[in-house]
Structure formats: structure tokens, C-alpha cells
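Undergrad: One structure, pasted below without further comment.
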Amino acid sequence: MSGQLENEAAQSTTALGPMVGLVREDFTGAVALLLRETASDPARTMRHARAMSEDVLQIVTGNSDLAPDPKDKRFKDPAWTFNPFLKASAQYYLAMQKGMKNWLEELALDALERDRANFISQIIIDALAPTNTLLGNPAAQKRVVDSGGLSLIKGLKNAYTDMVHNKGMVSQVDKRPFKLGENVATTPGQVVLRTEMIELIQYAPTTDQVYAVPQLTIPPQINKMYINDLSPDKSVVKYQVDAGIQTFVISWKNPTKEQGSWGMGDYVASCREAMEAVAAITGSDMVNVSAGCSGGQTAAVLASQLAADGSHLLGALTLMVCVLHPQHGDIEAGALMTDNGLALARKRAAKGGIIRGDDLSRGFAWLRPNDLIWNYVVNNYLLGDDPPAFDVLFWNSDATNLSATLMGDFLTLSETLAFTRKGEVEMAGHMIDLSKVDADLFILGGVTDHITPWRATYRSTQLFGSGQVTYVLSQSGHMQAILNPPGNPKARYYVQQADGPLPATAEEWLEGAHEVAGSWWPFWIEWLQQRSGERTAAPETLGGEGFAATDPAPGRYVLEQA
């Protein structure tokens with residue numbers, strides 16, 4: 001059960017994007033839509049009620065052929081097949097699921113309303129699954145017998161702990177084994193710049209020679225930077241350092257209500273200050289930049305601003321699991337969002353100054369309740385097990401706050417499609433125009449990424465003025481697409497080796513792409529090394545004049561709690 005939980009939750013890590021504008025009224029509005037359609041045509045409702053009754057009759061008489069999908073892990077216990085009472089319970093649930101699906105197909109809805117109705121109905125149906133209760137979960141019942149009732153006591157204890165210490169949300173990870181700087185974020189380095197908004201961390205070289213052009217990583221604002229340095233075997237930072245890359249990472253200050261005015265302009269200014277510090281420390285005229293998720297959107301605004309100013313500070317640019325050109329239908333939950341909901345989200349955020357990290361995590365969990373809530377209800381409460389001790393989930397649970405102004409700026413980028421318009425949308429003191437950015441570009445997507453779907457990330461290949469654009473598709477989802485180190489026998493990625501511009505659509509690109517066994521990290525590092533200048537002697541100390549090395553990595557800001 002633990003391994004299954006780790007895999008499913010790791011594919012569902014919290015991410016910042018337009019979904020940050022989702023409010024509870026969007027959920028209630030979707031429910032109201034279903035109720036409205038129920039009342040609008042009583043004859044239709046009665047017809048589907050009769051069909052449901054016929055299914056129930058078949059179940060009661062033992063003649064129903066309804067059976068769970070073999071891929072549905074909730075019903076994998078043999079008891080669902082051989083115990084007549086549990087089998088009937090599953091069939092009642094499946095009959096309800098079937099009836100809801102058939103009813104929704106008949107509703108006279110436009111495409112957006114249909115997506116909204118389908119999404120909210122699935123959340124409701126998932127919540128009603130018999131496996132979410134002790135009486136309807138044979139594995140939990142067996143555990144009670146096998147443990148002499150101790151599993152019930154442990155489950156109640158876990159529930160009480162969550163109520164008191166986790167604000168009522170079921171825990172997704174056992175945090176106890178992890179300690180920053182000891183077994184997480186252990187790559188040696190030091191803070192070489194600290195401002196009100198950032199800490200800049202320089203990592204110690206491990207090779208006698210390093211490449212002259214350094215690399216700066218811009219992490220997402222809603223997550224902490226140590227996703228880049230989880231453990232030695234899956235540390236992007238360590239992999240870069242061992243390859244001779246001079247590696248720097250920004251660590252964001254966790255904003256409080258007093259910093260609610262921090263907006264995209266402030267974050268971009270901090271990124272630019274970090275780039276200038278990196279250049280001064282290393283003596284390089286250029287700095288390569290990598291960024292993921294919302295950090296990628298920030299990096300895109302930064303690149304646009306540098307281009308508008310005529311600056312040549314930016315070297316190569318890497319964007320990982322980042323959507324710059326969103327479209328309707330990219331993600332299931334997008335159908336829930338409404339203009340009224342976005343306006344309410346802005347208003348509430350402005351009133352509070354910030355959106356608390358745990359509130360964002362809670363809202364995100366309810367968008368994927370099977371993976372992020374009910375799995376853990378069964379594991380922690382019904383079975384009485386501890387949640388898994390998994391470093392990716394530990395990082396994901398270590399959320400940060402989001403300033404109200406920055407949230408508004410991210411929504412503006414999404415609503416206006418700012419990155420697709422040349423010089424029409426103002427942000428960070430300039431008119432955004434990615435066509436002026438000519439840096440070599442490396443873009444990464446994940447095959448099973450439902451947060452930033454790979455086809456949406458591919459659209460970014462068409463936005464920049466770059467002469468050389470490389471797109472790589474990792475065979476995993478979201479953060480697991482990034483954390484894909486060498487050594488995983490199941491790792492695969494897709495790439496298209498071609499001169500000239502990439503195809504206009506993801507489908508065309510996929511037709512010409514070929515599969516490569518193994519991690520994409522070596523391919524990327526080779527690409528990066530080719531754009532990192534000549535080799536030079538590694539620095540003997542970290543920092544430089546005006547940039548004294550102080551606290552050891554991962555710094556102080558990662559220790560601040562939301």
C-alpha cells in the first residue's frame with residue numbers, strides 16, 4: 001500500500017498556476033448546475049431513476065453483471081468478488097456511477113458546462129465509494145481482526161493527530177525521518193547573498209575544473225527550493241556540480257501578510273539581482289537559467305525583460321513542466337473556474353495579504369481526492385498504518401505562502417495569455433514579448449503530467465525568438481518528470497533530433513520523436529555543457545568580493561513555515 005501511495009501522490013504534487021484562482025463558489029456553482037438540470041426536466045430524471053431501479057433489482061436478485069474496472073485498485077481484494085454482501089455493495093456503487101454517467105450524457109450542456117458537471121460529479125462519486133468506510137472495506141476489516149482491534153486504535157490516533165496538528169487534513173507523509181541539512185538537501189554549499197526576498201546559494205564544486213558560464217535555478221514560489229536537492233541519488237544540484245557546472249539556486253523568503261504586496265515585478269527584480277550576483281562571483285558575462293512550474297513563468301517574464309532592456313546577461317534557458325500558453329481543456333479542474341470565482345479569489349487574497357500554503361494544499365488535494373485524500377483515509381485511519389516516509393511528499397507538504405499581488409499577477413498572465421501576445425501586456429515594468437528572447441531553449445514535459453500537461457508545455461516552443469529549441473518528453477508526471485536520475489531501469493524519454501524550428505503542434509513533434517532508454521539528465525547536461533563556455537579552474541572558496549559566504553546550504557529561508 002505504501003509504494004502505491006508514494007507513486008500516486010508523487011504524480012499529484014501541488015503546483016502554482018491558474019488553479020490558484022479556484023474558490024469554493026466554483027465548486028458550489030458546479031453542484032448548483034447539476035441540481036438545476038435535475039429540476040429542469042422531471043421526466044428525464046424519472047427515466048434515469050427507473051433505469052437505476054432496474055439495476056438495483058438485478059443486484060438484489062444476483063443477476064447483475066456490473067463489475068469494477070480491473071485497473072481500479074480500490075476493489076482488488078478478492079472479497080469484492082466472492083463475498084456476496086461486498087459484491088452487492090460494489091455493484092450498488094457501480095450502478096450509481098453508471099446512472100450518473102448516462103444522465104450527464106443526456107443533459108443539454110455546452111462543452112464548458114459539461115466538463116464542469118463531469119468533474120464535480122466524479123468528486124461526489126469518489127467520496128461515496130464503499131471502500132472509504134470500515135464497513136465497506138474488506139482489507140480494513142481483516143486488519144481489525146488480525147490486529148485484535150489495535151488498527152482501530154491506531155487509526156483513531158492518526159485521525160486525532162491530523163485534527164490537532166494538520167488542520168483536519170489527512171496526512172500524506174510521515175515527516176519524522178526527514179531533517180533538512182542532514183538527510184534532505186545535503187549537497188555542500190553556502191548562502192552568498194541574502195535580501196528581504198531571497199537567499200542565493202552557491203554549491204561547492206566537486207571537480208578540479210568547472211565550466212565558465214554558471215547556472216542559476218529559479219524555483220516555484222509556492223514550493224521550497226530543495227526539490228532540486230532532495231537526496232544524493234536524486235539531486236539535480238549534485239548532478240550539475242559533479243558535471244562541472246557552477247551551480248546556484250534561489251531560495252525564496254516565505255512571505256507573511258506584511259509582504260502581501262510582493263508582485264511579479266519584485267520577484268523578477270530579485271531574480272535579476274541574483275543573476276548579477278552570480279555573474280560577479282564567477283566573472284562570467286552570461287548566466288544560464290533553469291526554472292520549473294511557476295518558476296518557469298517567472299523566468300519567462302525575466303527573459304522578456306532582459307531582452308527588452310537589450311541585456312545579454314541571459315545565456316541558455318531551461319523550462320521544466322511549465323505552461324506559458326494555457327488553453328481550455330488542458331486540465332480537468334479548469335472547467336470549474338469562472339470569472340466570478342477569479343474575482344472573488346483576488347478579493348479574498350487582497351484582504352488577507354497572502355494565501356496560506358496549507359490552504360492551497362488543501363484546495364489542491366480536493367481536486368484529486370482519490371489520490372490525495374481517500375487513499376490516505378484508508379491507509380491512515382481504516383488500516384491504521386502510518387503514511388509513507390517519502391522525500392518527495394515531505395517536500396510537497398512543506399508548503400509556502402503566496403502573496404496576494406503575485407497571485408493576481410499569475411492570474412493576469414493566464415487570463416490575458418500574456419506570453420502569446422507580442423508587446424500587449426505589461427508586467428514587471430515592461431511589455432512582455434517572448435519573440436525578442438533569442439536564448440537557446442530547452443523545454444521539458446512529462447507524459448503523465450496532469451498538472452502541466454505535456455502538450456500544453458510544448459506550445460512554449462512556438463513563443464520564443466530562439467534559433468535553437470530542444471523539447472524533451474520525460475515518461476513520468478510533473479515533479480517525477482524532473483526527478484528522473486540515471487539508474488532507473490524504467491526511465492524513458494522522447495526527443496526529436498532535427499535542425500531548424502520544431503513542428504507547430506505536439507502531435508507533429510511526437511510523430512518525429514524517438515524513444516530513448518534511460519534518464520534525460522545526461523542528455524540535458526551535455527546540452528548545458530555545450531552552452532557553458534570553456535573549462536576553468538574551480539574556485540577554492542565560495543562567494544566573492546561583496547558576496548561573503550555565510551550560512552551553509554540550504555540556508556535559513558527554507559526553515560520558515562507557512
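The values are calculated or read from the model by the stated rules, or taken from the named source; none is laboratory data. This structure is a prediction, so every number in the text was calculated from the model and none was measured. In this analysis, Cβ positions are derived from the backbone assuming ideal geometry, glycine residues included, and neighbour counts consider all displayed protein chains.
Undergrad: May I ask you to list the residues in the stretch 122-179 that are part of a helix (DSSP H, G or I), small (Gly, Ala, Ser) and closer than 30 Å to GLY357 by Cα?
TA: First pass over the stretch 122-179, keeping only residues part of a helix (DSSP H, G or I): 122-127, 130-132, 138-146, 150-165.
From the residues that got through so far, the ones that are small (Gly, Ala, Ser) too are 127, 139-140, 151, 155, 159.
Once the filter is applied, which keeps residues that are part of a helix (DSSP H, G or I), small (Gly, Ala, Ser) and closer than 30 Å to GLY357 by Cα, the stretch 122-179 yields ALA127, GLY155, ALA159.
Undergrad: Taking the condition within 25 Å of SER270 (Cβ to Cβ) and touching a strand residue (DSSP E or B) at 6+ places or on another chain (Cβ under 7 Å), does MET431 pass? Quick ask: steps written out before the conclusion?
TA: On the way: within 25 Å of SER270 (Cβ to Cβ): yes; touching a strand residue (DSSP E or B) at 6+ places or on another chain (Cβ under 7 Å): no.
No; evaluated as a whole, the condition is false for this residue.
Undergrad: Residue check, ASP386 against (1) surrounded by fewer than 18 Cβ atoms within 10 Å (Cβ to Cβ); (2) assigned to a loop (DSSP other than H, G, I, E, B); (3) at pLDDT below 85, all met but one. Which one?
TA: (3)
Undergrad: Ok, one more. Of the residues that make up the stretch 176-186, is at least one touching a residue at least 60 places away in the same chain (Cβ under 8 Å), on the phi > 0 side of the Ramachandran plot and surrounded by fewer than 18 Cβ atoms within 10 Å (Cβ to Cβ)?
TA: Going through the stretch 176-186, the residues touching a residue at least 60 places away in the same chain (Cβ under 8 Å) turn out to be 176-178, 180-181, 184-185.
Okay, now just the ones that are also on the phi > 0 side of the Ramachandran plot, so 181, 185.
With the extra rule that they be surrounded by fewer than 18 Cβ atoms within 10 Å (Cβ to Cβ), the set shrinks to 181.
Yes, the stretch 176-186 contains a residue that is touching a residue at least 60 places away in the same chain (Cβ under 8 Å), on the phi > 0 side of the Ramachandran plot and surrounded by fewer than 18 Cβ atoms within 10 Å (Cβ to Cβ).
Undergrad: Now, a different point. Using the structure shown, decide if MET479 is within 23 Å of ASP229 (Cβ to Cβ) and not aromatic (Phe, Trp, Tyr).
TA: Values: within 23 Å of ASP229 (Cβ to Cβ): yes; not aromatic (Phe, Trp, Tyr): yes.
Yes.
Undergrad: Sticking with this structure for a sec: Here are ILE250, ILE222, ILE227: which of them is more than 16 Å from MET197 (Cβ to Cβ) and β-branched (Val, Ile, Thr)?
TA: Values: ILE250 fails: more than 16 Å from MET197 (Cβ to Cβ); ILE222 fails: more than 16 Å from MET197 (Cβ to Cβ).
Exactly one residue qualifies, and that residue is ILE227.
Undergrad: Read through the list (1) small (Gly, Ala, Ser); (2) surrounded by fewer than 18 Cβ atoms within 10 Å (Cβ to Cβ); (3) within 27 Å of VAL170 (Cβ to Cβ), then give the number of the only condition that ALA108 fails.
TA: For ALA108, the failing item is (3).
Undergrad: Determine, yes or no, whether THR256 is modelled with pLDDT under 95 and touching a strand residue (DSSP E or B) at 6+ places or on another chain (Cβ under 8 Å). Can you show your working first?
TA: Working: modelled with pLDDT under 95: yes; touching a strand residue (DSSP E or B) at 6+ places or on another chain (Cβ under 8 Å): yes.
In short, yes.
Undergrad: Another question, then. Out of the stretch 134-154, which residues are without any contact (Cβ under 8 Å) to a residue 40 or more places away in the chain and among the polar types (S, T, N, Q)?
TA: Correct list: GLN141 only.
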